[in-house]
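The structure under discussion appears below in the form of structure tokens.
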Amino acid sequence: MNSQEKTGNRAYSEAEIGRKLAAELPHWYYDEGHICRQFKTGGWKATLMVVNVIGHLAEAAFHHPDLIASYASVTVKLMNHEAKGVTEKDFALARKVEEVVQWQPGRDQGPLEGTPEDPRFKYISYD
């Protein structure tokens with residue numbers, strides 16, 4: 001195993017990316033050298049919250065995606081510039097982003113209820 005493979009920097013082939021997305025991240029897609037995901041939000045405030053969450057995760061991981069922020073959506077685009085392709089680092093960050101952004105407090109039977117079913121408090125469109 002070379003040093004790039006040890007650090008998660010081996011670029012996957014397009015076929016490998018397709019298989020990994022189907023198996024691990026079904027809401028993500030491959031586009032022009034990136035793995036991508038669009039999150040639909042309830043409006044600008046929610047968009048900014050999603051951007052900030054992704055920003056925190058990316059900075060903590062020291063692996064930074066391209067983000068496209070619109071009024072009611074955020075698009076995440078991941079690729080490893082050093083490896084010139086999609087690597088395990090991209091998949092690891094995508095899984096963490098998916099886990100955190102799609103977390104629904106009301107579903108885990110804990111004390112956190114989540115946002116009310118009221119359009120005034122709409123935060124994100126969950127899958």
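The values are calculated or read from the model by the stated rules, or taken from the named source; none is laboratory data. Everything numeric here is computed off the predicted structure, so don't read it as measured data. Neighbour counts run over all protein chains shown; Cβ positions are idealised from the backbone, glycine included.
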- Kindly check whether there is at least one residue in region 70-78 that is closer than 20 Å to Asn9 by Cβ, touching a residue at least 60 places away in the same chain (Cβ under 8 Å) and touching an Asp or Glu at 6+ places or on another chain (Cβ under 7 Å). no
When restricted to Leu48, Leu57, Leu67, Leu78, the only residue farther than 28 Å from Phe121 by Cβ and either in contact with a Pro (Cβ under 7 Å, 6 or more places away or on another chain) or not β-branched (Val, Ile, Thr) (or both) is Leu78
Of the residues in region 85-109 that are touching a Leu at 6+ places or on another chain (Cβ under 8 Å) and not hydrophobic (A, V, I, L, M, F, W, C), the one that is modelled with the lowest pLDDT is Gly106
Item to complete: Please indicate, with yes or no, whether at least one residue in region 94-103 is surrounded by 14 or more Cβ atoms within 10 Å (Cβ to Cβ), over 9 Å from the mean Cα position of the chain (by Cα), closer than 26 Å to Phe121 by Cα and without any contact (Cβ under 8 Å) to a residue 12 or more places away in the chain.
Response: yes
Output for Cβ contacts, cut-off 8 Å, separation at least six or different chains, first residue closer than 16 Å to Lys40 by Cα in region 112-127, second of a type in the set (Val, Ile, Thr) and surrounded by 10 or more Cβ atoms within 10 Å (Cβ to Cβ), reads Phe121/Thr115; Lys122/Thr115; Tyr123/Thr41; Tyr123/Thr115; Ile124/Thr41; Ile124/Val50; Ile124/Val101; Ser125/Thr41
**Report entry** So Ala94, is it of a type outside the set (Val, Ile, Thr), in contact with an Asp or Glu (Cβ under 9 Å, 6 or more places away or on another chain), within 26 Å of Glu113 (Cα to Cα) and not in a loop (DSSP other than H, G, I, E, B)
**Finding:** yes
Within region 1-32, restricting to residues that are in a loop (DSSP other than H, G, I, E, B) and surrounded by 15 or more Cβ atoms within 10 Å (Cβ to Cβ), the one that is modelled with the lowest pLDDT is Gly8
task: For Lys77, indicate whether it is modelled with pLDDT of 95 or more, touching a helix residue (DSSP H, G or I) at 6+ places or on another chain (Cβ under 8 Å) and among the charged types (D, E, K, R).
output: no
When region 110-127 is checked residue by residue, the ones that are of a type in the set (A, V, I, L, M, F, W, C) and modelled with pLDDT of 85 or more are Leu112, Ile124
Of the listed residues (His81, His63, His56), the one being closer than 23 Å to Tyr29 by Cα, touching a residue at least 24 places away in the same chain (Cβ under 8 Å) and not acidic (Asp, Glu) is His63
Do we find a residue being at positive phi and surrounded by fewer than 17 Cβ atoms within 10 Å (Cβ to Cβ) anywhere in region 60-68?
yes
Scanning region 79-91 residue by residue, those part of a loop (DSSP other than H, G, I, E, B) and polar (S, T, N, Q) turn out to be Thr87
